[in-house]
1. Name the single residue that is nearest to Leu120 (Cα to Cα) among those in the range 147-168 being in contact (Cβ under 8 Å) with a residue 12 or more places away in the chain and outside any loop (DSSP other than H, G, I, E, B).
2. Within the range 33-51, take every residue that is part of a helix (DSSP H, G or I) and among the hydroxyl-bearing types (Ser, Thr, Tyr) and give me the one that is surrounded by the most Cβ atoms within 10 Å (Cβ to Cβ).
3. Could you please find all residues in the range 77-100 being at pLDDT 90 or above, surrounded by 17 or more Cβ atoms within 10 Å (Cβ to Cβ) and not in a helix (DSSP H, G or I)?
4. Restricting the range 1-46 to residues that are polar (S, T, N, Q) and more than 16 Å from the chain's Cα centre (by Cα), which is farthest from Arg59 (Cα to Cα)?
5. When only residues in the range 104-137 that are hydroxyl-bearing (Ser, Thr, Tyr) and over 23 Å from the mean Cα position of the chain (by Cα) count, which is surrounded by the most Cβ atoms within 10 Å (Cβ to Cβ)?
6. Show me the helices (runs of 4 or more DSSP H) found entirely inside the range 170-258 where at least 3 residues are in contact (Cβ under 8 Å) with a residue 12 or more places away in the chain and surrounded by 17 or more Cβ atoms within 10 Å (Cβ to Cβ).
7. Could you tell me whether Ile95 is among the aliphatic types (A, V, I, L, M), touching a strand residue (DSSP E or B) at 6+ places or on another chain (Cβ under 8 Å), at negative phi and in contact (Cβ under 8 Å) with a residue 40 or more places away in the chain?
Amino acid sequence: MIVVEEVSRRYTEADGWVLRFISFEVSDGCTLSIIGPSGCGKTTLLYLMAGLLEPTEGRISITPSAKIHRNGSGKPAIVFQDFGLFPWKTVFDNIALGMRMAGVGRRQSAETTRRLMNELGIGELGKRYPVQLSGGQKQRVAIARALALQPEVLLLDEPFSSLDAITREHLQNLVKDLWRMHGLSYVLVTHSVEEAVFMGQTVLVLQGKPATVAHRIENPLFDTPDFRMHPAFFETVRKVRLALAELPENRADTGKRL
């Protein structure tokens with residue numbers, strides 16, 4: 001379970017606050033999408049959850065689930081927008097690297113790497129280097145690497161934003177399939193309303209500088225088959241768009257279109 005309590009963050013006193021009094025929870029096996037204007041601190045919030053930054057005020061706790069038994073560290077894993085692959089390592093070695101650094105034996109890490117490559121549809125790419133891959137293939141490698149240490153929480157920092165629409169939808173479907181298969185939770189940061197609704201059981205709308213929580217929109221039917229064609233999808237997209245349109249920064253700019 002993820003608990004974020006009254007979290008605030010600033011980098012320096014001169015810069016001022018980036019986030020202010022952010023609170024929310026994500027229950028075990030649940031998903032959350034975070035959306036808001038550019039530069040409002042969405043990625044900073046994700047980095048705080050990953051432990052890459054520390055809150056200036058408040059508390060973040062990620063409690064391992066008693067219902068899910070894993071061999072991994074239980075720590076969250078993060079997938080970056082720019083893939084974060086090492087260009088001098090093969091696909092296989094990029095995926096296995098985290099396990100080897102964590103002291104996982106070579107045989108076990110190799111078995112896990114092969115299994116994840118097959119699950120993500122890149123089983124034949126093990127000997128290739130990142131420069132030889134398409135954007136969608138690189139992101140599959142990055143997701144496999146994140147899953148290799150069996151996290152209970154997957155953090156996704158706009159991982160599909162640089163991909164074409166068809167590849168983006170394929171990978172959105174893939175992440176939801178992995179969510180069902182592995183029983184993990186994930187938190188997605190995105191600028192896309194449609195992606196936020198398709199991927200999140202709950203959509204958190206941030207506003208302002210410093211960022212605060214403006215709206216929390218529940219999306220209980222997000223796991224419905226063919227959800228993109230379901231009336232509930234279009235209705236929730238409408239709700240999120242209305243929530244964004246109500247933000248002070250958008251009301252002030254009457255020419256802005258969502």
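1. For the range 147-168, the residue satisfying everything is Leu147.
2. Result: Thr44.
3. Ala77, Ile78, Val79, Leu85, Thr90
4. Ser38
5. Applying the filter and picking the extreme gives Ser109.
6. 193-199, 231-245
7. Spelling it out, it is not the case that Ile95 is among the aliphatic types (A, V, I, L, M), touching a strand residue (DSSP E or B) at 6+ places or on another chain (Cβ under 8 Å), at negative phi and in contact (Cβ under 8 Å) with a residue 40 or more places away in the chain.
The values are calculated or read from the model by the stated rules, or taken from the named source; none is laboratory data. All of these numbers come straight from a predicted model, not from anything done at the bench. Positions of Cβ are backbone-derived with ideal geometry, glycine not excepted, and every protein chain shown enters the neighbour counts.
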